[in-house]
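As structure tokens, the structure follows; a few thoughts come after it.
Where a number appears in this text, it was derived from the coordinates with a stated rule and is not lab data. The structure displayed is predicted, hence computed values, not measured ones. Cβ placement follows ideal geometry from the backbone for every residue including glycine, while neighbour counts extend to all protein chains displayed.
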Amino acid sequence: MEYTILILLLPLLSFLVLGLGGKWMSHRTAGLIGTAVLGAVAVLSYLTAIHYFTAPRLADGTFATLMPYNCTWLPFTPTLSIDLGILLDPISVMMLIVISTVSFMVHLYSFGYMKGERGFQRYYAFLSLFTMSMLGLVVATNIFQMYLFWELVGVSSYLLIGFYYTKPAAIAASKKAFIVTRFADLGFLIGILVYGYYAGTYTFQPNEMALLKGGAAMIPLALGLMFIGGAGKSAMFPLHIWLPDAMEGPTPVSALIHAATMVVAGVYLVARMFPLFIDYAPHVLHLVAYVGAFTAFYAASVACVQSDIKRVLAFSTISQIGFMMVALGVCTSTDPHEGGLGYMAGMFHLFTHAMFKALLFLGAGSIIHAVHSNEMSAMGGLRKYMPVTHITFLIACLAIAGIPPFSGFFSKDEILTACFRFSPVMGWIMTVIAAMTAFYMFRLYYGIFWGSSEPGQKSASDESHSHQHTPHESPLAMTVPLMFLAAVTIVAGFIPFGHFVSSNGEAYTIHLDWGVAGTSIAIAVISIAVATFMYKGEKQPVADALARRFNGLWTAAYHRFYIDEVYQFITHRIIFGCISRPIAWWDRHVVDGFFDFLAWGANATSDEIRGLQSGRIQQYTFVFLLGTLALILLLLL
């Protein structure tokens, strides 16, 4: 399968061609090059999946782990080196499908959404770089190669979030995303160094001799530090603050970040290191579950009151990534029948979520393209003007709400089953969060396509802007990806995912636990009914009354429970005010003053003694004779 190297080289070549030669190309040419290259990458990814998953299994019932390419880049010891190559196993091949499919749809969709934008060629160049970075991350043969592409993903997100570099909000959002994830990645890097030192290797299987010498005791610390990096990329609390602001980038970029690239990188990291977590740090894995559960609940709470449709979807992503982290964290073994079900469930949800979340964001882009606003107050009744966007968006809402037969139901049900097996408390917590998901998604749906979800918040600018023209359906370049992703969302749940990806590599047949499934369906239906009752009409007296009754809670949730303000207080008042300013004063007045004193002293001394180098022979002779006389007197005494 040597052709898999083209999956990385083609988008890299596209980035170089568009980045270096884009200014001499027309928009159409640049878009065609970028889209054609991603189409080829998608075809190669599907061929890779077909060849890999149709190959005979090994004697133990698992798929073979293949390395079409692997070379040593930096050797340190006979066992410790940094290699570069391509690793193919069930989860990396599955991720190739996810990334290439969503990225190709985003490239195609952007033809219509970004038409006429300044920097169109630059946009497609950055998309290619972003896709290549994530593809390189998932096929990495070792943890250090993963880190290299991990950082490229961060750079790519910075470039795309700040694409509208003339907007101060976009500049601030890109810097915020870059800085927050860099702090998290510091933990990741330290974890990699600890792992390499004590495990004796950077591969995903530690060196047994190193572990026998005491290295096993440090593996939990290394994995915990690595998870900090994953928590930053996947926007886990409290490192989530960058993701809602990342909406300042173009909406297709949001679809790519949220569905197939940056935010799923942390989930993939935990899944890739899963055997190590199970064998050496199960308590750290359970910590991942607790962090994921709290993050999912927090984000769902915030999403229930947001008025910007992209921010609702952003917090929805944070909550759904929390579901995936919980699924991985509740595993207690590598046997899917005894405690490893969450691994398969988490990967299954990553797969299905990528499709319907990309559909939701691209649908949001279609809506914004029609009404020129992100606010629900500028929307309402759009089902009459945008039938394709309406139907596809509704399909995605039903999928994320967990309504059968849409794909989200099957993957989320497996997560809930794994949670109940781990702990009934965890199971019920995640069930409640699933109910909140159904509620806020249909609040969003009704606010866009039926009535105003936030009456009384419509600004004068929204009011005038929304009536400047009649909304219209988006062009085919935008609606074809919506229809394709909607079709995938409908059928993806019927894929026998456990036959391809499971915690121990063996084929696992998914069996619905109808006790769990029936409860989750009933709760989702009730949540949708409540959202329908509260938000379907032009007026929402119940919603308004609840907002007034619980005004403090509503305001806190709307402002994200003031986590950003807490960060501002800590950084500006404490770190900058109480730590940085005194350090800066010490640097300017003490450190600089000391070196200024040394310079002054050197100058003053040189001024005093420069007369000794006058160039007059008589003076030199006189000093020489005085010195000689002094030495003689010293010797005589």
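For the range 364-381, putting each phi into the Karplus relation 6.51 cos²θ - 1.76 cosθ + 1.60 with θ = phi - 60° gives couplings of 4, x, 4, 5, 5, 4, 7, 10, 6, 7, 8, 7, 5, 5, 9, 10, x, x Hz, in residue order, rounded to whole numbers and with x for Gly and Pro.
What you get for the chain, charging only the Cβ of Lys and Arg (+1) and of Asp and Glu (-1), is a dipole of about 1200 debye around the Cα centre. Among 315-326, 110-121, the peptide with the highest mean count of other Cβ atoms within 10 Å heads the list, and the full ranking is 315-326, 110-121.
Considering only GLY136, ILE318, LEU74, the residue lying farthest towards the positive end of the dipole of the chain is ILE318, judged by Cα position with unit charges set on Cβ.
Summing charges over neighbours of ASP89, with a neighbour being any other residue whose Cβ is under 15 Å away from its Cβ, gives 0 when K and R count +1 and D and E count -1.
Based on Cα contacts under 8 Å between residues 6+ apart, the range 486-594 shows a relative contact order of 8 percent. Each of the peptides 565-576, 608-619, 539-550 was scored by the mean count of other Cβ atoms within 10 Å over its residues; in descending order, highest first, they stand as 539-550, 565-576, 608-619. Against the main long axis of the alpha-carbon atoms of the chain, helix 424-449 sits at an angle near 80°.
3J(HN,Hα) couplings calculated from phi for the range 318-328 with the Karplus curve 6.51 cos²θ - 1.76 cosθ + 1.60 (θ = phi - 60°) are, in sequence order, 4, 5, 5, 5, x, 4, 5, 5, 4, 4, 6 Hz; Gly and Pro show x. Amide H contacts under 5 Å for THR62: none, restricted to partners 5 or more places along the chain or on a different chain, H placed in the peptide plane at 1.01 Å from N. With a/c under 1.5 counting as rounded, go ahead and sort the range 72-166 into rounded, prolate or oblate using the C-alpha gyration tensor (a ≥ b ≥ c being the square roots of the eigenvalues; past the cut-off, prolate if a/b is larger than b/c, else oblate). It comes out oblate by the Cα gyration axes.
Summarising the amide proton neighbourhood of ILE82: residues at separation of 5 or more, or on other chains, whose placed amide H is nearer than 5 Å comprise TRP73, LEU74, PHE76.
Under the shape rule built on the C-alpha gyration tensor, where the axes satisfy a ≥ b ≥ c, the range 67-120 is oblate, since a/c reaches at least 1.5 while a/b does not exceed b/c. Classified by the C-alpha gyration tensor, the chain has a prolate form. Its axis ratio a/c, with a ≥ b ≥ c, is 1.5 or above, and a/b is larger than b/c. Rg and Dmax over the alpha-carbon atoms of the range 567-636 stand at 25.7, 77 Å. Listed by chain and number, the lysines placed with their C-alpha closer than 18 angstrom to that of LYS175 are LYS167, LYS233; residues fewer than eight positions away on the same chain are left out.
When only C-alpha pairs under 8 Å and at least 6 residues apart count, what is the relative contact order of the range 210-303, in percent? With pairs under 8 Å counted, the relative contact order is 37 percent.
Cross-link reach is defined here as a Cα-Cα straight distance under 18 Å, omitting same-chain residues fewer than 8 places apart; for LYS539 the lysines meeting it are LYS458. Here the sum of -39500 (n - 2.57) over DSSP H runs of 4 or more residues, divided by the residues of the chain, equals -22500 deg cm²/dmol at 222 nm, to the nearest 500. Our coupling estimate for the range 632-637, obtained by passing each phi through the Karplus curve with A = 6.51, B = -1.76, C = 1.60 and θ = phi - 60°, is 5, 4, 5, 5, 5, 6 Hz, Gly and Pro reported as x. Using a cutoff of 8 angstrom between alpha carbon atoms and counting only pairs six or more residues apart, the relative contact order for the range 2-558 works out to 14 percent. Which of the aspartates and glutamates could a cross-linker span from LYS23 if the Cα-Cα distance has to be under 16 Å and same-chain partners fewer than 8 positions apart are dropped? Excluding near neighbours in sequence, the set is GLU117. Proximity of backbone amide H atoms, modeled 1.01 Å from N, is registered between LEU87 and ALA140, THR141 at under 5 Å, excluding neighbours fewer than 5 places apart on the same chain. Our compactness index for the range 76-232, the C-alpha radius of gyration over the empirical 2.2 N^0.38 Å, is 1.23.
The charge dipole of the range 567-636, taken about the Cα centre with unit charges on the Cβ atoms of Lys, Arg (+1) and Asp, Glu (-1), comes to about 120 debye, rounded to the nearest 20.
Each of TRP242, TRP150, TRP73, TRP450 was scored by other Cβ atoms within 10 Å of its Cβ. Listed from fewest to most, they are TRP73, TRP450, TRP242, TRP150. Here's the picture: charge each Lys and Arg Cβ at +1 and each Asp and Glu Cβ at -1 in the range 297-405, and of MET344, PRO404, ALA370 the one pushed furthest to the positive end of that dipole is ALA370.
Relative to one another, the C-alpha centroids of the range 36-59 and the range 341-414 are positioned 27 Å apart.
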